[in-house]
Amino acid sequence: MSDPVSEPPVAADRVYLSGQIAFVASSARIALDARAKLMALYGECDLSRAAVVVALGGDGFMLETIHQVLALNVPVYGMNRGSVGFLMNTYTEDDLPGRLSRAQAAELHPLRMHAITATGSVEEALAFNEVSLLRQLRQASKIRISVDGRVRLEELSCDGVLISTPAGSTAYNLSAHGPIVPLSANLLPMTPISAFRPRRWRGALLPSSADVLFEVLEADKRPTAAVADFTEVRDVVSVAVSEDRSVAVTVLFDPDRSLSERIIAEQFTV
């Protein structure tokens, strides 16, 4: 089993200074205005030279930023200037370098999707939230599910099915009535989307080391798309998914609202 995901405090000697912070913003006016104000206060730094990236927007933009900076190996700190902010910190312009230096770090690992289409093409993508299979037309998809080489569900008739990371378990997975998973649990929730048969199947909790294979049955009659975060592949015939621990991104959170705390608190939200 893989090592637990933890949220250690950022080292006390890790100090972020004005001029080391890259600010990125969504296309929303409120986010663009915030970027302009913060750059006026703390300077402008190119992404390639930044010690930390501050993302201004909602959770969707935060996800885009994580993918954008993945190869740069720099932490990302989000401030909410959008409609949804589960991954975001409260927006304020005061003492930003101090907030960054006091932040706690969560190291997130993505799922890797390996999809094969009806034409034989192969598409790969990473997902820090979830990989989902979704019907493309009016007819339900039919999907066979295997885990670690063993068929676990011969045929799932459904609108779709998804497998989520712990960090993503509060997103689409939760909306589909899947379980919220703590970061340290080393579990991946698999959740059906409007299952028709078997009607009583509510999903599964898999070890983070699991290799999952989704095979689309009657693919010509029941076309199905696969989506990894915001990368969509249409007309898939098979989709393999596993956690890729060779890839990681560090996300920063204010000490009183760490990601682990947010995930636990979400389970008591009514």
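The values are calculated or read from the model by the stated rules, or taken from the named source; none is laboratory data. All values reported here derive from a predicted model rather than from experimental measurement. Don't worry about glycine lacking a Cβ; one is built from the backbone with ideal geometry, like all the others, and counts go over all protein chains shown.
Side notes on the structure shown:
- Scan of the range 106-125 for residues that are touching a residue at least 12 places away in the same chain (Cβ under 8 Å) and either of a type in the set (Val, Ile, Thr) or in contact with a helix residue (DSSP H, G or I) (Cβ under 7 Å, 6 or more places away or on another chain) (or both), ordered by number: Ala106, Leu108, Ile116, Thr117, Thr119
- Residue that is surrounded by 19 or more Cβ atoms within 10 Å (Cβ to Cβ) and in the same structural domain as Ser260 (by TED's automatic domain parsing), where the choices are Leu126, Leu72, Leu96, Leu47: Leu96
- Residues in the range 126-170 that are modelled with pLDDT of 95 or more and touching a helix residue (DSSP H, G or I) at 6+ places or on another chain (Cβ under 8 Å): Leu126, Ala127, Phe128, Asn129, Glu130, Ser132, Leu162, Ser164.
- Conditions (1) touching a Lys or Arg at 6+ places or on another chain (Cβ under 7 Å); (2) within 19 Å of Tyr172 (Cα to Cα); (3) of a type outside the set (Gly, Ala, Ser): number failed by Glu243: (1)
- Selection from the range 230-245 of residues that are closer than 20 Å to Val74 by Cα and either in contact with a Ser or Thr (Cβ under 9 Å, 6 or more places away or on another chain) or modelled with pLDDT under 95 (or both): Arg245
- Residues that are among the small types (Gly, Ala, Ser), surrounded by 18 or more Cβ atoms within 10 Å (Cβ to Cβ), in contact (Cβ under 8 Å) with a residue 60 or more places away in the chain and part of a strand (DSSP E or B), drawn from the range 129-159: Ser132, Ser141
- Scope the range 250-259; condition touching a Pro at 6+ places or on another chain (Cβ under 9 Å) and surrounded by fewer than 19 Cβ atoms within 10 Å (Cβ to Cβ); matching residues: Thr250, Pro255
- Scanning the range 228-249 for residues that are crowded, with 18+ Cβ neighbours inside 10 Å and under 16 Å from Leu183 (Cα atoms) yields a count of 2.
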